[in-house]
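The structure appears below as structure tokens.
The values are calculated or read from the model by the stated rules, or taken from the named source; none is laboratory data. Only a predicted model underlies this, so the values are computations on that prediction, with no experimental measurement involved. In this analysis, Cβ positions are derived from the backbone assuming ideal geometry, glycine residues included, and neighbour counts consider all displayed protein chains.
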Amino acid sequence: MGDIRRPRRGSLAFSPRKRAKSETPRISSWPTSTEPKLLGFAGYKAGMTHVMMIDDKPHSPTAGMMVSVPATVIEAPPLRVVAVRGYESTTHGYKAAGEVWASNLDDDLKRVVRVSEQGADIEGLRAKPLSDIRVIVATQPSKVSGVPKKKPELMEMGVGGADVSSKLEYAHGILGSSIPIADVFSEGELVDTIAITTGKGTQGPVKRWGTQMQKSKHSRTGKLRHIGTLGPWHPHYVRWTVPQLGQTGYHQRTEYNKRILKVGENGEDITPAGGFLHYGVVRNSYLLVQGSVPGPIKRLVCVRAPIRPKAIPEGAVDVRYVSVSSKQGV
């Protein structure tokens, strides 16, 4: 009898599959850009709809024809730039060299962080040998009716620029101001979406890793959703590659090269009749992103400039129709 050979079940690329520390994604890599601008934004996932658009891919079988495309709505009120952070290069990577916080902080931000009024000034940051500049931004969930919270999320955003000095000057210029989504992204661009996926709690190896269920003849104890073996006799321990039960979902995941179909100011233009299920009405600026986005409804989604872009047609997308029919089955 020949040996049974087949690929293992489930990718080990994301191991260990443990719960994320926070619902706010942490982004460690940012693309390079010579244009002085923010390299990312954040919003709240409102739901999905579909649009009718002209397929502008030149080699597509439906090129020039109207096609139906699923799309995700991300409500994105303006972000407040609350601090500028400088990094210096060390033998162990980037290390924070100093921060400059804005003086006109909102009262809601005091729910998250306490900032000393004796903070460092911008001149002290300029005197240091910096290698990179980033800004700390705060969301404004109090403006979003679909998210019942007032406590803003703090996160770090990359800054584009020709060199460190230009990045620092741009970051200092926007310190304490609100940045709308239209100043960061435009229609037709590619973005990476980063969010914490839907949590599913503790699940067995069949759902968690996609292993095959045992046949009734193979498991006479009635345990059909167990793996057949924990491993060989030697090595005399259970290896980490063996699929077992554990935490499923609630992991940070990144989806690359999502195309922005539309950037709008009035959320009523894309809100379906009766509102989005479990979310409500979009009242702020929004992004319409092609395809799906990680996470459940109301989850914070970080949108980043593409770090591994691919070639796409230039210019805005010709969207002819956005479905606003009721999602409640009426």
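Data for the structure
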read-out: Top-ranked residue in the range 279-312 [being in contact with a Lys or Arg (Cβ under 7 Å, 6 or more places away or on another chain) and among the β-branched types (Val, Ile, Thr); ranked as surrounded by the fewest Cβ atoms within 10 Å (Cβ to Cβ)]; value: Ile312
read-out: Residues of the range 76-108 classified as of a type in the set (Gly, Ala, Ser) and surrounded by fewer than 18 Cβ atoms within 10 Å (Cβ to Cβ), total; value: 4
read-out: Residue in the range 113-128 that is modelled with the lowest pLDDT, counting only those that are in contact with a strand residue (DSSP E or B) (Cβ under 6 Å, 6 or more places away or on another chain) and outside any helix (DSSP H, G or I); value: Gly119
read-out: Filter result for the condition that a residue is surrounded by fewer than 16 Cβ atoms within 10 Å (Cβ to Cβ) and not assigned by TED's automatic domain parsing to the domain that holds Leu130, over Val51, Val67; value: Val67
read-out: Close pairs from the range 311-325: first modelled with pLDDT under 95, partner loosely packed, with under 15 Cβ neighbours inside 10 Å and part of a loop (DSSP other than H, G, I, E, B), Cβ under 7 Å, at least 6 apart; value: Pro313/Lys57; Val324/Ala273; Ser325/Ala273
read-out: Residue match in the range 149-172 (condition: in the same structural domain as Leu261 (by TED's automatic domain parsing), within 26 Å of Gln247 (Cα to Cα) and in a strand (DSSP E or B)); value: no
read-out: Flag if Thr241 is part of a strand (DSSP E or B) and among the hydroxyl-bearing types (Ser, Thr, Tyr); value: no
read-out: Residues of the range 1-31 classified as surrounded by 11 or more Cβ atoms within 10 Å (Cβ to Cβ) and more than 20 Å from Thr197 (Cβ to Cβ), total; value: 3
read-out: Filter result for Val282 (modelled with pLDDT of 95 or more and assigned to a loop (DSSP other than H, G, I, E, B)); value: yes
read-out: The range 248-270: number of residues that are outside any strand (DSSP E or B) and at pLDDT below 95; value: 6
read-out: Criterion violated by Val135 - all others in (1) at pLDDT below 95; (2) within 17 Å of Glu169 (Cβ to Cβ) satisfied; value: (1)
read-out: Residue list for the range 44-66, restricted to those being farther than 16 Å from Leu288 by Cβ and among the hydrophobic types (A, V, I, L, M, F, W, C); value: Ala63, Met65, Met66
read-out: Selection from the range 152-178 of residues that are under 19 Å from the mean Cα position of the chain (by Cα) and farther than 21 Å from Ala305 by Cα; value: Pro152
read-out: Residues of the range 174-210 classified as assigned to a loop (DSSP other than H, G, I, E, B) and hydrophobic (A, V, I, L, M, F, W, C), total; value: 4
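Conditions tested, residue by residue: (1) within 24 Å of Glu156 (Cβ to Cβ); (2) in a strand (DSSP E or B); (3) in contact with a strand residue (DSSP E or B) (Cβ under 7 Å, 6 or more places away or on another chain).
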site: His59; (1), (2), (3): no, no, no
site: Ala83; (1), (2), (3): yes, yes, yes
site: Gly86; (1), (2), (3): yes, yes, yes
site: Lys95; (1), (2), (3): yes, yes, yes
site: Ser103; (1), (2), (3): yes, no, no
site: Leu109; (1), (2), (3): yes, no, yes
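Per-residue answers, yes or no, for (1) more than 23 Å from Lys37 (Cβ to Cβ); (2) in contact (Cβ under 8 Å) with a residue 24 or more places away in the chain; (3) outside the structural domain of Asn284 (by TED's automatic domain parsing); (4) not polar (S, T, N, Q):
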{"position": "Ala83", "(1), (2), (3), (4)": "no, yes, yes, yes"}
{"position": "Glu99", "(1), (2), (3), (4)": "no, yes, yes, yes"}
{"position": "Ala102", "(1), (2), (3), (4)": "no, yes, yes, yes"}
{"position": "Asp107", "(1), (2), (3), (4)": "yes, no, yes, yes"}
{"position": "Arg126", "(1), (2), (3), (4)": "no, yes, yes, yes"}
{"position": "Ser145", "(1), (2), (3), (4)": "yes, yes, yes, no"}
